[in-house]
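Taken together, the values in this text are just the output of simple stated rules run on the coordinates, not laboratory data. Just so we're clear, the structure is a prediction, and the values are computed from it rather than from any experiment. Cβ sites come from the backbone with ideal geometry, for glycine too, and all protein chains shown count toward neighbours.
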Amino acid sequence: MNQPIDAVQALSLAGGLSPYAKENNIIVLRRTGENQQVLPVHFASIKKGQELATNIMLESGDVIVIP
């Protein structure tokens, strides 16, 4: 990433979600030292203008998991 990017922007750049994706079960895995955080991204809610705080800014090394 050359510039800051949030979760929804990353999903858009990746071509969006498949019709079978569970839009409110997306998570970002973030490792900080010995610990790993699981950060929820409620995509379906974000599209409705709700739970916008879950559209987190990504950091180098973050992994987005879409079930």
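Here are some notes:
- Each listed q (0.12, 0.17, 0.29 Å⁻¹) maps to a log10 I(q)/I(0) for the chain from the Debye sum over equal C-alpha point scatterers, namely -0.29, -0.58, -1.44.
- In order along the stretch 48-60, the phi-based Karplus estimate (6.51 cos²θ - 1.76 cosθ + 1.60, θ = phi - 60°) of 3J(HN,Hα) comes to 8, x, 10, 6, 5, 5, 7, 7, 6, 6, 7, 10, 4 Hz; Gly and Pro are listed as x.
- Here the dipole of the chain is about 180 debye; that uses its Cα centre as origin and unit charges on the Cβ of Lys and Arg (positive) and Asp and Glu (negative).
- Across the stretch 12-67, C-alpha contacts under 8 Å between residues 6 or more apart give a mean separation that, scaled by the residue count, equals a relative contact order of 39 percent.
- Amide H contacts for ILE26 (H built 1.01 Å from N in the peptide plane; partners 5 or more residues away or on another chain; cut-off under 5 Å): VAL41, PHE43.
- Amide proton proximity set for ILE56, modelled H, under 5 Å, gap of 5+: ALA7
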